[in-house]
Amino acid sequence: MCRPASVAYTTATNTTPVEIAADTNGLYSFTMPKGNVTVTATFVPENDNDPSVGKGIISGYSTGYQGCTGYNCVLLKFSDLDPAAWYHDGIHFCLENGIMQGFGNDKFQPLGLTTRAQVVTTLWNIAGHPISASPITFKDVNPDDWFYDAIMWAAGNGIVNGYGDGTFGPNDMVTREQIAKIFYGYAQFYGFDVSATSDLAGYEGVDEISAWALPYVKWAVGAGVCCGAEGNHKVLAPTQNAGRAELATMILNFCMNVARK
């Protein structure tokens, strides 16, 4: 079984990625462009929670971004995105590969805050929608929730934990240091190198890092995954809630600096 990783259409002068939409039944669709075009789809295998399969799928994204020529940039589809902004590469990468989508009405909401469910679901998407028969249940995660499969996979494999009261908090905002821990657990589960570290010299906000999060933030910086707050590379802001543009940039950094090794 395979799923589409990306779809693009080619004209005589240009190749443009097409946004892929997935429904709750595991079906994928896209809007057919007008005109005389050639449509090409790239497929990756479905993942039954085999880490070796997931690792191969994730690593494939490291060769999936060819940069942007500026002509007909995919960010131009959204009225609230600036192709010249610091977040261009991260968001372009995620849109081009179907990792993230907009919210309708031509909006992407780059500064919109990210929830725990959104982070977990995004990483689940990159890993090929692995199926995990997790014994873990949460009072606030139900089988008909759009994030159910992703959270069952992440919690079942120890990539992320719930709270001690039997809840997961899927709609809780996620901080930047929490994302660092989630990415670390993700890398570790799939067998990527997690030995990188940093002394964090020259970074602002080091004294704000929670004690439990320090090794994960050091890894995220040393591995080149960390994205500075709102693009300011040297500002850690570890307890600040992370925006969608920051998450997109961290995904690109992870794929290029960790997954390709």
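The values are calculated or read from the model by the stated rules, or taken from the named source; none is laboratory data. Values in this document were obtained by computation on a predicted structure and should not be read as measured data. Cβ coordinates were reconstructed from backbone atoms using ideal geometry, including for glycine residues, and neighbour counts include every protein chain displayed. Areas reflect the complete protein model, heavy atoms only, side chains present, ligands, DNA and RNA absent. Shrake-Rupley method; radii C 1.70, N 1.55, O 1.52, S 1.80 Å.
A few points about this structure:
- Taking the range 49-196 and dividing mean pair separation by its residue count, relative contact order in percent (alpha carbons under 8 Å, at least six apart): 24
- Note that the range 84-94 has calculated 3J(HN,Hα) couplings of 8, 7, 4, 8, 3, 4, x, 5, 4, 4, 5 Hz, one per residue in order, obtained from phi through the Karplus relation 6.51 cos²θ - 1.76 cosθ + 1.60 (θ = phi - 60°); glycine and proline are x.
- The range 166-180 - phi-based ³J(HN,Hα) in whole Hz, Karplus 6.51/-1.76/1.60, Gly and Pro as x: x, 10, 10, x, x, 9, 6, 5, 10, 8, 5, 6, 5, 5, 4
- Relative to one another, the C-alpha centroids of the range 106-156 and the range 172-247 are positioned 20 Å apart.
- Accessible surface of the range 128-219, 1.4 Å probe, proportion on carbon and sulfur as whole %: 50
- Probing with 1.4 Å while keeping every protein chain in the model, the per residue accessible area of the range 164-220 equals 46 Å².
- Highest mean packing comes first when the peptides 235-243, 200-208 are listed by Cβ atoms within 10 Å, giving 235-243, 200-208.
- In this simple spin-label approximation, Asn161 and Asp80 carry label points 7 Å from Cα along the Cα→Cβ vector, and these lie 3.4 nm apart.
- Phi angles across the range 245-257 convert, under the Karplus curve 6.51 cos²θ - 1.76 cosθ + 1.60 with θ = phi - 60°, into 3J(HN,Hα) values of 5, 5, 4, 4, 5, 5, 5, 4, 4, 4, 5, 7, 9 Hz, Gly and Pro given as x.
- Residues whose placed amide H lies under 5 Å from that of Glu204, excluding near-sequence neighbours: Val235, Leu236
- Value in Å of the Kirkwood radius, where the range 50-135 supplies the Cα pairs that are averaged: 14.4
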